[in-house]
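See below for the structure under consideration.
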Amino acid sequence: MPSATPETINDFVGKETGVSDWVEIDQERIDQFADVTEDHQFIHVDPEAAAKTPFGTTIAHGFLTLSMLSKLAPGAVIVFEGVKMGVNYGFEKVRFVNPVKSGQKIRGRFTLMSADTKAPGQWTFKYAVKVEIEGETKPALVAEWLTMQFV
């Protein structure tokens, strides 16, 4: 996991901070997400009906792919030395570019765009994030993700 201090953080701005490990998005995970969000659209949960679509199989919810950033980020984003806590602060932009088919693997690629003091001991980081799909040229999603760290 890359670490920095308020004095060294600008050395990372504009640079890729890390790439996560691959994570499989299997049908069980898709079904569990459907249950939690109560979004049981057939394209996500009915393999037989989804096989008749242009995708040929079920696909992950876009919001499932987005929510996987919490799993993909550790080890790939900057953490301040002595951080007390970090929180999700939102997004400037999110685009779902390519569906993730059941059984495919994804990983996150993170580039620090900016790091700013919001208040004493509070920093906001903006990351350009690309969620890649193993074996695909187009990413699943691209986003500008805001996080906050308290030091």
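Where a number appears in this text, it was derived from the coordinates with a stated rule and is not lab data. From a predicted model like this one, the values you see are computed outputs, not experimental measurements. For neighbour counting, all protein chains shown are included, and Cβ atoms are generated from backbone atoms with ideal geometry for every residue, glycine included.
Residues considered: T111, T117, T124, T137. Of these, the only one that is loosely packed, with under 14 Cβ neighbours inside 10 Å, in a strand (DSSP E or B) and not hydrophobic (A, V, I, L, M, F, W, C) is T117. When you check V87 against the structure, is it in a strand (DSSP E or B), over 18 Å from D11 (Cα atoms), in contact with a helix residue (DSSP H, G or I) (Cβ under 9 Å, 6 or more places away or on another chain) and among the hydrophobic types (A, V, I, L, M, F, W, C), yes or no? No: the conditions fail for V87. Residue count for segment 22-39 satisfying the condition of being in a loop (DSSP other than H, G, I, E, B) and surrounded by fewer than 12 Cβ atoms within 10 Å (Cβ to Cβ): 1. Filtering T111, T37, T65 for residues that are in contact with an Asp or Glu (Cβ under 9 Å, 6 or more places away or on another chain), in contact (Cβ under 8 Å) with a residue 24 or more places away in the chain, under 20 Å from L141 (Cβ atoms) and not aromatic (F, W, Y) leaves a single hit, T111. Pairs meeting the criteria (first residue in segment 3-27 and free of Cβ contacts under 8 Å to residues at least 60 places away in the same chain, second residue surrounded by 13 or more Cβ atoms within 10 Å (Cβ to Cβ) and not in a loop (DSSP other than H, G, I, E, B), beta carbons under 8 Å, at least 6 apart or on different chains) are D11/A4.
Yes or no: segment 45-58 includes at least one residue that is small (G, A, S) and within 19 Å of the chain's Cα centre (by Cα). There is no residue in segment 45-58 that is small (G, A, S) and within 19 Å of the chain's Cα centre (by Cα).
G90: surrounded by 15 or more Cβ atoms within 10 Å (Cβ to Cβ), over 20 Å from E134 (Cβ atoms) and not aliphatic (A, V, I, L, M), yes or no? It is false that G90 is surrounded by 15 or more Cβ atoms within 10 Å (Cβ to Cβ), over 20 Å from E134 (Cβ atoms) and not aliphatic (A, V, I, L, M).
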